[in-house]
Amino acid sequence: MHRLIASYLFQNKTCPLPGLGTLSVVAGKAELDFLNTTIKAPAPRIIFEAKEEDASSLLDYIAAKTDSTLMQTIERLGHFCNSLKAATIANQPATLDGVGNFFTDSSGKVNFKSNQLPAALLPVAKAERVVHPQAEHQILVGDKETTNTLMTEYYNEAPAVKSRWWIWAVILAAIAAIGILIYLNSNSASSMFGNIIPIE
């Protein structure tokens, strides 16, 4: 029965256990290791829920595999699940071979701890970064979305030549001011306020 339930669980990702609950296989996530440039395979987890589901497909599966009648299969599965439940209530090992162990916590609730999958089933793949410098892709600059091609063009544009006419205006004004000062200094006898020669 252990082998049949494990086989059904891994093929269908869920397995109802009458009188006990339901086991489900939940997909894990792949883990990226930047330092070693590897990706670890996603490790699936087996979770247990106390809710019961329809076990008719499991019964059909076991009956077909064992060449038994439906009534014989119902009796065998019921006896198996009751023995697992009785073992957990008595705080004895209740193992489902190849899947995990049932146990009761301090509040009397039935829980499940899945077996760790063999490392051979979770291979590590090399994950070297591939850069395509000519490929165009979307990037986010501040809060604006643009492409890498547009940003390259933006930074490679020659800066616009700015008009510098005001420099010439300042130079001409300075020359004019110097010229006025020279003229005023050359006529020492006069000032812009009139004649500065003292009266005797």
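The values are calculated or read from the model by the stated rules, or taken from the named source; none is laboratory data. The model shown is predicted, which means the values in this text are computed figures rather than measured ones. Glycine gets a Cβ as well: all are built from the backbone with ideal geometry, and neighbour counts include every protein chain shown. Heavy atoms of the whole protein, side chains included, go into the accessibility calculation; ligands, DNA and RNA do not. Shrake-Rupley method; radii C 1.70, N 1.55, O 1.52, S 1.80 Å.
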Margin query: Restricting to segment 134-158, and then to whatever is polar (S, T, N, Q), under 30 Å from Leu35 (Cβ atoms) and surrounded by fewer than 10 Cβ atoms within 10 Å (Cβ to Cβ), can you tell me which residue is modelled with the lowest pLDDT?
Written below: Gln134
Check: Within segment 1-32, how many residues are open to solvent by less than 40 Å² (accessible area, probe 1.4 Å) and charged (D, E, K, R)?
Finding: 0
Next item on the list: Check Val170, Val161, Val124, Val131 and return the single one that is at pLDDT below 85, open to solvent by less than 100 Å² (accessible area, probe 1.4 Å) and among the β-branched types (Val, Ile, Thr).
Entry: Val124
